[in-house]
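Structure first, commentary second.
The values are calculated or read from the model by the stated rules, or taken from the named source; none is laboratory data. On a predicted model such as this, the values are computed, not experimentally measured, just so you know. Ideal geometry is used to build each Cβ from the backbone, glycine not excepted, and the neighbour counts take in all protein chains shown.
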Amino acid sequence: MDVRVRYAPSPTGLQHIGGVRTALFNYFFAKSQGGKFILRVEDTDRERYTEESLQDLYDTLDWLNVKWDEGPVVGGDYGPYIQSERFELYKKYAEKLVEDGKAYYCYCSSERLEKVRQEQIAAKSDYQGYDRHCANLTEEERAEYEKAGIKPVIRLRVPREGKTTFHDVLMGDITRKNKDISPDPILLKSDGFPTYHLANVIDDHMMGITHVMRAQEWIPTGPLHIILYEAFGWEPPIYCHLPMVMGKDGQKLSKRHGSTSVRDFRAKGYLPEAILNYVTLVGWSLDGSTEFFTKEELEKCFKMENIHKAPGVFDYKKLEWFNGQYIRATENDRLAELCMPYLQEAGFISADPTEEEKALVLNLMGPVKERMKVLSDCVPLTAFLFKDEPVTDPAVYIAKGSDIAKTAAALEKGTAILLEGLKNGEEESVIEEKLAELSKELEIKVNGVFQPIRVAITNSTVSLPLFDSIRLLGNETTAARLERAIKVLKENN
RNA sequence: GUCUCCUUCGUCUAGUGGUUAGGACAACGGGUUUUCAUCCCGUCAACGGGGGUUCAAUUCCCCCAGGAGAUGCCA
């Protein structure tokens with residue numbers, strides 16, 4: 001069988017972790033089977049639809065380098081792939097179901113429906129849902145409604161007796177009594193647009209979808225879809241319901257847990273490789289020990305059988321760890337390009353970087369790389385190079401176990417040693433040795449000498465390594481900052 | 001309320017009718033280091049509960065509990 005799967009999001013918001021995970025599972029399954037990955041836009045909710053979210057869908061998949069074989073933009077033999085452009089199709093099939101007696105027109109107002117719902121809740125009735133008020137309208141009654149100008153919806157006639165079973169690759173058979181299925185769901189809304197159930201079933205069938213991999217929240221409606229397939233006389237696809245992605249508290253992952261949109265992660269400086277790798281590992285594993293996967297590897301080794309049943313909690317910390325790992329594995333020249341926008345945003349580098357600036361950024365990567373978890377971390381790490389905010393509190397210069405007098409002496413003598421060494425082009429290790437000797441003289445720890453020097457040069461107790469900082473800053477600026485710091489300590493001693 | 005699904009360290013997970021229940025993140029503690037990181041080493045930590053079946057159950061069966069999802073002219 002030629003595998004054809006689809007990712008069919010609704011463009012009503014930014015692409016989030018859960019959606020992308022579904023896309024990835026579909027994509028990897030298709031690739032591993034030598035099948036086709038299809039993108040379909042389910043934009044039937046005209047109220048919540050936004051242009052921005054549609055664009056975000058394309059941007060996100062592009063960024064992750066997940067290419068769809070058929071779909072919007074790229075086309076294909078089963079198009080159009082945007083449901084709003086298939087409008088007539090759904091109407092036609094819905095009306096056919098009415099003709100066949102499998103569905104019926106309903107003229108109930110939203111108000112009446114709401115009233116019915118409230119009454120059911122008040123009565124604590126087990127039975128909830130539509131009361132099938134319009135299920136058996138006579139032609140005369142229908143004509144009355146039509147004359148009154150009421151736009152009907154089309155509802156599916158769900159059998160009241162019997163039960164319906166569908167098979168899920170992961171869960172096995174799932175059976176529901178027909179009387180427990182939401183009674184007579186709407187297939188075609190009064191605005192003529194289809195609901196998910198109708199559009200999804202028609203399109204999956206028309207597009208030759210072989211496997212439906214979607215979130216587990218669809219399990220309860222599985223039997224309903226089977227009834228729809230039967231009503232049309234079509235063969236249902238193979239189902240595989242994916243475990244949901246949850247937040248720390250066990251609830252469906254949402255904004256209150258933190259960032260959920262891929263766009264947010266991208267903005268903060270997460271790499272597509274890291275997102276792709278980690279997100280795939282929520283609800284799937286190869287062997288319990290392999291953690292690093294390239295996209296290409298996943299395209300080969302992904303197996304549907306390895307998908308878990310239980311929902312998984314999205315661990316921001318682990319994603320961050322993955323991202324750090326990927327940053328460290330990235331070549332410096334590419335990393336420099338990735339960091340550039342953040343440095344420009346901070347005003348450190350001009351919008352149109354000069355060759356010197358580019359070279360500088362590239363040189364930053366060595367020391368900065370080990371210290372970044374997300375790309376935006378490069379800004380605070382390198383700020384000392386681009387803006388000068390000297391530390392004026394003498395206490396900051398004083399290392400543990402030292403005091404202000406010793407610190408002042410260490411800084412002054414250390415500066416002399418350091419500048420002399422730099423001038424004479426001495427090896428770093430030689431200078432370090434001399435500074436260490438100084439610390440012995442002063443009877444303080446090595447850091448008692450290094451800390452004031454480092455604070456003077458980098459304006460911070462947390463910094464890149466000393467000699468990296470000096471190299472990046474240049475000898476002149478280094479000297480100036482050291483002299484300045486000596487004054488600060490003298491004034492306060 | 002009703003229906004459906006799920007249940008191994010805090011989290012992601014591996015695993016088997018007999019294992020010291022393995023790995024990773026996190027946390028904690030060390031080591032390396034001039035700070036911060038990186039890196040290395042170590043510690044803590046799990047089979048939801050109760051019944052069966054069995055010589056033996058984390059593993060098979062049943063019940064319960066807990067969690068999640070559905071119950072929309074949202075998907």
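Of all residues in the range A:317-334, those being more than 9 Å from RNA strand B (Cβ to nearest atom) and farther than 11 Å from A:L271 by Cβ number 3.
The residue that is nearest to A:R334 (Cα to Cα), among those in the range A:267-296 that are among the acidic types (D, E) and within 12 Å of RNA strand B (Cβ to nearest atom), is A:E291. Number of residues in the range A:383-404 that are touching a Phe, Trp or Tyr at 6+ places or on another chain (Cβ under 9 Å) and among the basic types (K, R): the value is 1.
Please tell me if A:P194 is more than 8 Å from RNA strand B (Cβ to nearest atom), touching a Ser or Thr at 6+ places or on another chain (Cβ under 7 Å) and either modelled with pLDDT under 95 or of a type outside the set (S, T, N, Q) (or both). So A:P194 does not fit the description; no. Residue pairs whose Cβ atoms lie under 7 Å apart, separated by 6 or more positions or on different chains, with the first residue in the range A:451-469 and within 17 Å of A:A480 (Cβ to Cβ) and free of Cβ contacts under 8 Å to residues at least 60 places away in the same chain and the second within 8 Å of RNA strand B (Cβ to nearest atom) and of a type in the set (D, E, K, R), are A:L466/A:R454.
The number of residues in the range A:275-315 being assigned to a helix (DSSP H, G or I), closer than 27 Å to A:H257 by Cβ and among the hydrophobic types (A, V, I, L, M, F, W, C) comes to 4.
The set of residues in the range A:110-139 that are in contact with a helix residue (DSSP H, G or I) (Cβ under 9 Å, 6 or more places away or on another chain) and either over 20 Å from A:I181 (Cα atoms) or not in a loop (DSSP other than H, G, I, E, B) (or both) contains only A:L137.
Given the condition closer than 30 Å to A:L473 by Cα, touching a residue at least 24 places away in the same chain (Cβ under 8 Å) and crowded, with 21+ Cβ neighbours inside 10 Å, answer yes or no: does some residue in the range A:240-261 qualify? No, there is no match, as no residue in the range A:240-261 is closer than 30 Å to A:L473 by Cα, touching a residue at least 24 places away in the same chain (Cβ under 8 Å) and crowded, with 21+ Cβ neighbours inside 10 Å.
Sort out which residues of the range A:324-336 are surrounded by 15 or more Cβ atoms within 10 Å (Cβ to Cβ) and part of a helix (DSSP H, G or I), and write them in order of number. The answer is A:G324, A:Q325, A:Y326, A:I327, A:N332, A:L335, A:A336. Sort through A:D203, A:D264 and tell me the only one that's surrounded by fewer than 16 Cβ atoms within 10 Å (Cβ to Cβ), acidic (D, E) and more than 9 Å from RNA strand B (Cβ to nearest atom). From the options A:D203, A:D264, the qualifying one is A:D264.
In the range A:352-360, the count of residues that are over 24 Å from the mean Cα position of the chain (by Cα), of a type in the set (K, R), surrounded by 13 or more Cβ atoms within 10 Å (Cβ to Cβ) and at pLDDT 95 or above is one or more. Take the residues of the range A:452-467 that are closer than 14 Å to A:L411 by Cβ and within 6 Å of RNA strand B (Cβ to nearest atom): which is surrounded by the fewest Cβ atoms within 10 Å (Cβ to Cβ)? Looking at the filtered set, the residue picked out is A:L466. Filtering the range A:206-244 to residues that are within 12 Å of RNA strand B (Cβ to nearest atom) and touching a Ser or Thr at 6+ places or on another chain (Cβ under 9 Å) leaves A:R214, A:A215, A:P220, A:T221, A:G222, A:P223, A:L224, A:L242.
Against the test of being part of a loop (DSSP other than H, G, I, E, B), at pLDDT below 95 and more than 18 Å from A:F232 (Cβ to Cβ), the options A:P159, A:P183 yield a single qualifying residue, A:P183. Considering the range A:169-182, the residues that are within 8 Å of RNA strand B (Cβ to nearest atom) and not hydrophobic (A, V, I, L, M, F, W, C) include one that is surrounded by the most Cβ atoms within 10 Å (Cβ to Cβ), namely A:R176. Hey, among A:K92, A:K96, which residue is basic (K, R) and touching a Phe, Trp or Tyr at 6+ places or on another chain (Cβ under 9 Å)? One residue alone meets the criteria, A:K96. Taken together, the residues in the range A:402-425 that are at pLDDT below 90 and acidic (D, E) amount to 1.
Conditions tested, residue by residue: (1) within 22 Å of the chain's Cα centre (by Cα); (2) surrounded by 15 or more Cβ atoms within 10 Å (Cβ to Cβ).
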residue	(1), (2)
A:S289	no, no
A:E305	no, no
A:L338	yes, yes
A:I349	no, yes
A:L362	no, yes
A:K369	no, yes
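Search the range A:190-210 for residues being under 32 Å from the mean Cα position of the chain (by Cα) and assigned to a loop (DSSP other than H, G, I, E, B), and hand back the single one that is nearest to A:T221 (Cα to Cα). Ranking the qualifying residues of the range A:190-210, first place goes to A:T195.
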